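Beneath this line is the structure, given in structure tokens, with notes to follow.
The values are calculated or read from the model by the stated rules, or taken from the named source; none is laboratory data. The model shown is predicted, which means the values in this text are computed figures rather than measured ones. Calculation scope for accessible area: heavy atoms of the full protein, side chains included, ligands and nucleic acids excluded. Shrake-Rupley method; radii C 1.70, N 1.55, O 1.52, S 1.80 Å.
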Amino acid sequence: MHMTLNSIPTGVLIAVLITAAVIDMKRHRLPNSLTASAALVGHNHAMLATRGKRILKRLSRFFYRTAVVFTLLRHALDGRRRRQADGGGGNLSRLAG
């Protein structure tokens, strides 16, 4: 069987997805190390596929998106902490009467 550049990432993706599914079924949670390593492998593959062309543009895009995700996550967790400090419940307490 002849392996091409396109069949290797497909195999890696399938392996990561199967691993994630098994871990999720057992623990009901995915480890950050699995998702982070899969993202890095995908990013490195994209670099290799383009032979490093436009590397600065791709890196800046990667870090920008990462910053946006962490900022949104921080705001979401901050709101969650505030709701817990206020007693939580939100509309559920109104429904109860």
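Surface calculation, 1.4 Å probe, protein heavy atoms: Arg54 sits at approximately 140 Å² accessible. Our analysis of the stretch 13-61 gives Rg over Rh at 1.14, with the two radii drawn from alpha carbon positions and Rh computed by the Kirkwood formula.
Taking all protein chains together and a probe of 1.4 Å, list Leu34, Leu56, Leu40 from the most accessible to the least accessible.
Numbers: Leu34 30, Leu56 135, Leu40 90 Å².
So, going from the largest accessible area down, we get Leu56, Leu40, Leu34.
Asp78 sits with roughly 50 Å² accessible to a 1.4 Å probe, with DNA, RNA and ligands left out of the calculation. The largest accessible area among Lys26, Lys57 belongs to the first residue in Lys26, Lys57, and the rest follow in falling order (1.4 Å probe, all chains).
Here the Karplus relation 6.51 cos²θ - 1.76 cosθ + 1.60, evaluated at θ = phi - 60°, turns the backbone of the stretch 19-25 into coupling constants of 4, 4, 5, 5, 5, 5, 5 Hz, with x for every Gly and Pro.
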